[in-house]
1. Please list, ordered by chain and number, the residues whose modelled amide H lies under 5 Å from the amide H of V620; skip anything fewer than 5 residues away on the same chain.
2. Evaluate E = 1/(1 + (r/R0)^6) for R319 and L433, where r is the Cβ-Cβ distance and R0 equals 51 Å; express this FRET efficiency to the nearest 0.05.
3. Give me, ordered by chain and number, the residues 5 or more places off L572 or on other chains with an amide H under 5 Å from its own placed amide H.
4. Stretched out fully, how many nm does the piece from H300 to R366 gain, at 0.36 nm a residue minus the Cα gap?
5. Please list, by residue number, everything in segment 164-185 whose backbone N is under 16 Å from a paramagnetic label point 7 Å out along Cα→Cβ of E145.
6. Taking amide H positions as placed 1.01 Å from N in the peptide plane, with prolines and chain starts having none, which residues 5 or more places from A307, or on another chain, fall under 5 Å of its amide H?
7. About the Cα centre of segment 304-381, what is the dipole size in debye to 20, counting +1 per Lys and Arg Cβ and -1 per Asp and Glu Cβ, all else neutral?
8. Which log10 I(q)/I(0) values, to two decimals, does segment 139-187 give at q = 0.16, 0.19, 0.30 Å⁻¹ under the Debye formula with one point per Cα?
Amino acid sequence: MFRQPSTLICPFCEASAAFRAPTLQWQPSRSAATLHKRRPSRMNLSPNVARGPPPIEVSGKPIRKSRNSPFGGMNQTEPPRPGYGFKNPISASEQKRAGRFAKDKPDKDGKEPMKALKMQRALASVSYEARGRVKQSLQDLDSFEQFDLLPVLKESVSTQALGGMMDVSPTPVQRLAIPALLGTEDGKRRKRKEGIAQGEKKEMQQFLLAAETGSGKTLAYVLPILDALKRAEKAEAETERTLAAQQPPQSRPTYNRLFDLEVEPPPVPGLNAGRPRAIILLPTSELVAQVGALLKSLSHTIKFKSAMLSTAFTSTVIRSRLFHPGGVDVVVSTPHLLSSITESDPNVLSRVTHLVIDEADSLLDRSFSPITSSILDRATPSLQQLILCSATIPRSLDTYLQKRFPAVKRLVTPNLHAIPRRVQLSVVDIENLPFQGNRDLACAQTIYDIGKEGSEEVEDGEREAGKEKKIVVFVNEREKASELTAFLRGKGIDAMALSRDSEERGQTEVLAEFTGAGISATARRLQQHRLSTSSSHSEKPAPMTGLQRLLAPPSSPSTPTPARSLPGVKVLVTTDLGSRGIDTILVRHVVLYDVPHTSIDFIHRLGRVGRMGRRGRGVVLVGKGDRKDVFLT
Ligand SMILES: Nc1ncnc2c1ncn2[C@@H]1O[C@H](COP(=O)(O)OP(=O)(O)OP(=O)(O)O)[C@@H](O)[C@H]1O
């Protein structure tokens, strides 16, 4: 059924040639390159994600770039200046040679040296050793204990954030980002003086976290932010105590009676209500719920107040969370909702020191950018850290960052833009027999094939609930999501739709079955109902067997019982809505019903499997109009 092509070609752009998976190798072909030229450039992945900011000049001389990052020596177009970053300055003859390459002089025979060769020469002289050193330093960071995080945060990683997982070690993006966001990447402990408490305005730091899907980016930014908030809180309390101690004694209350208790003055009600210190922006309500749940779990031990705001909640709930009299520390929201709140109450952004723009390529694209930027502009006066986070960096975002945030510090993992390591990719040609172009049938048959395969492998001692197989099917249009769901149900497959058309309140609960997030009572009832329906199907003797039954016309409304059933398999049919950031950790199979429009969508959709190094499989259905030629060579 599944055809495993020997060589797969990226259907979208040359940049995707960087894709790697154990079973395939993307290679650009002439046709792919031609297509690439025709596509709008903003849909292409950036090849220069890790490039640093332009050199800062002081009195006409560029200041030496920091090489204290894994990419410190990369993307250099000039050879090093004498003594640049070396313990031993280079010799006079080497300087002469380097100067010749830098000035781009022609060779002896008058030919210009090839650009790639020039780059190679420039890189070879400096960066490999430096990169090796930094790589080594990342390898050495194999425990959360090594980070300069507050002890309670370190303890909470395993117990709260990772659900009691033992022997956890930080992922590459966490090794890169946590020290950088804490300001301890040079191995030094940060200064104890906290600017927030002193009321100082620190210069805003800007970071870009770019790492492959399912690599733990959320925790990479959440931990340093919570650490900063808790330290600021402590420093503020100390300052208050010092100020109180400095007050003249007459201003203190005097007690006439020996056994009178000193009663603490009650806190000013609502002083910090509606004025969070940190804001995390996410594109969808589903992601707000996901990140909000992580914060909620951490708040039990770290003791802070978080509020998740999205259109999934009523305005009363939103208001009571944001303006809770006890104050709020971290707000997780969609930009549209937060923007509308700040229209009526601009004070909401007056105390923000940390702003995260997660899924930055979405939130800074044409549709979201005006709203996101307006929030950023209003928060800037108090902002200390701006953190942009994404698994894909399109060229448009890269250009935007160069213009708007030239000083952004790029924390980029080497596997960015790669398909997760343990994900196998297969292609089903829907034009072949027996489908003859019927994509719906091909999809149903693919699901049956997956369902009938041997039981799910149990990895690393984890046991899946009832070993039920979870499959996510991606379609390009939301109308198709409900249509295909109905078709699959007609074929006896337990399918659910998740798109903008789905009822908002139920979306989180539907997703919870695929993410393993806490399932609410309502969802449990729904699940039980579905299980009883599917078991009643499975109890019925199947009147037909084989592919003929699948090819049979869908059951009529008067006879809703399908001819076949597929117990033990749950399918989620969704659009791009379910592709970004959703932590579908229980899912092992993804079916791409439609070929995605862009390589960016492709990466996000396939990124729902193979998370955190797990095994996974992606199946792409390819038809006549789908540039099958560029998949199969
Ligand atoms: N150090 C770690 N060890 C083991 N699991 C981890 C670790 N850090 C995070 N995880 C888990 O990895 C999963 C993926 O994390 P997360 O959702 O943050 O990935 P992501 O990089 O943001 O993915 P995407 O790009 O799809 O948004 C989560 O289930 C999370 O609990």
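1. Distant-sequence amide H within range of V620: S426, V427, V428, L592.
2. E(calc), rounded to 0.05, equals 0.30.
3. Answer set, sorted by chain and number: I471, V472, V473, M496.
4. Answer, rounded to one decimal: 20.0 nm.
5. 166-170
6. Hits under the 5 Å cutoff: V330, V331, V332.
7. For segment 304-381, the charge dipole is close to 320 debye.
8. -0.42, -0.59, -1.27
Each value in this text was obtained by applying a stated rule to the coordinates, not by laboratory testing. Given the structure is predicted, the values throughout are model-derived calculations rather than measurements. All Cβ positions, even for glycine, are placed from backbone atoms using ideal geometry, and neighbour counts span all protein chains on display.
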